[in-house]
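Q: Before anything else, here's the structure in question.
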Amino acid sequence: MKSRYLPLLVLVALLGGYALGNAGRAGQDAPDIIPGTVVSGIVQDHVSALVFVTAKGTFTAQRSRVGGPFAVQVTFADGRPARHCTASPDLSGQLLNLSTFEAKRQLSFEARAKDFPVHVGNLFTQPQGREPGNVVMVYTNEQRSSVAVVFDRYAVELIAPPAAFDGLEAGCNAFAQSVEY
């Protein structure tokens, strides 16, 4: 395995461990969330990295300056060659939905499992600077018409459209701004 993929593998392992460690804690001793509340977020211009890990592959977008374009790499679980492209500073208008989560309603962990049984993937967002990033597990209902996330001690249905996460799965097909390299 090439050493350039080692940091990505370490990040994926950390995301998976964090997600598994927090999966059963949703709703325990957590204060109530009022609908419309931003429950987690990073100002979109200050997102320096975004990683979305699914069963199909990994979408990684990173940038080195506030508000700059993203360098994107998409790797596939089925062995297809990785794809690389450049994406706009707002990831084709979806970055706000991916970096700031507004609650439609709070869910118990049991309600999340019943109403949103499909695990879409795990999303990690990193702000510029030394602040810790956010890790959320993303779920959808059977119809893929609504999205819920689990993070820390919370399970929340989001106002954000599922299409924001579908774009991440589509990778460079959804976000490419320039010629792939």
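Q: Lys and Arg at +1, Asp and Glu at -1: add these up for the other residues within a Cβ distance under 13 Å of Ser40 and post the number.
A: Residues near Ser40 contribute -2 overall.
Q: Taking the Cα-to-Cβ direction at Phe76 and at Asp45 and moving 7 Å from each Cα, how far apart do the two end points lie in nm?
A: 3.7 nm
Q: Now a separate question. Please report the net charge: other residues with Cβ closer than 15 Å to the Cβ of Leu98, K and R +1, D and E -1.
A: Value of the local net charge: -4.
Q: Trypsin sites (Lys or Arg not before Pro) within segment 97-131: which are DSSP loop residues with at most 13 other Cβ atoms inside 10 Å?
A: Loop-located and lightly packed - Arg130.
Q: Between Asp32 and Asp152, with labels modelled 7 Å along Cα→Cβ, what's the label distance in nm to one decimal, could you check?
A: For Asp32 paired with Asp152, the spin-label model returns 1.8 nm.
Q: Report the charge-dipole magnitude of segment 38-181 in Debye, nearest 20, computed about the Cα centre from +1 at each Lys and Arg Cβ and -1 at each Asp and Glu Cβ.
A: Rounded to the nearest 20 debye, it is 160 debye.
Q: Further question: When DSSP assigns beta bridges and you keep just the ones with both residues in segment 92-179, what percent turn out antiparallel, to the nearest 5?
A: In segment 92-179, approximately 100 percent of DSSP beta bridges are antiparallel ones.
Q: Take the alpha-carbon centre of segment 113-133, take the same for segment 77-105, and report the distance between them in whole Å.
A: Segment 113-133 and segment 77-105 have Cα centres separated by 12 Å.
Q: Once neighbouring chains are kept in place and the probe is 1.4 Å, which whole percent of the accessible area of segment 71-181 is contributed by carbon and sulfur?
A: 51 percent
Q: Summing +1 for each Lys or Arg and -1 for each Asp or Glu, what net charge is found among the other residues whose Cβ lies under 14 Å from the Cβ of Arg63?
A: Around Arg63, the surrounding residues sum to -1.
Q: Give me P(r) over segment 21-174, computed from all C-alpha to C-alpha distances, binned every 5 Å, as integer percentages.
A: 2, 10, 19, 22, 20, 15, 8, 3, 1
Q: Within segment 101-116, what residues put their amide N at less than 19 Å from the label point 7 Å along the Cα-to-Cβ vector of Glu131?
A: Residues 101-103 fall inside that zone.
Q: With label points built 7 Å along Cα→Cβ from the Cα atoms of Ser145 and Val66, find their separation and express it in nm.
A: 4.2 nm
Q: Taking the radius of gyration and the Kirkwood hydrodynamic radius from Cα positions alone, what is the Rg/Rh ratio for segment 95-181, to two decimal places?
A: When Rh is taken as the Kirkwood radius, the ratio is 1.01.
Q: Continuing with the same structure: Keeping all protein chains in place and using 1.4 angstrom, which order do Glu142, Glu157 fall into by accessible surface area, from largest down?
A: The most accessible residue leads, giving Glu142, Glu157.
The values are calculated or read from the model by the stated rules, or taken from the named source; none is laboratory data. Just so it is clear, the structure is predicted and the values come from calculations on it, not from any experiment. Here Cβ is always computed from backbone atoms with ideal geometry, including for glycine, and neighbour counts include all displayed protein chains. Just the protein is used for accessible areas: all its heavy atoms, side chains included, with ligands, DNA and RNA removed. Shrake-Rupley method; radii C 1.70, N 1.55, O 1.52, S 1.80 Å.
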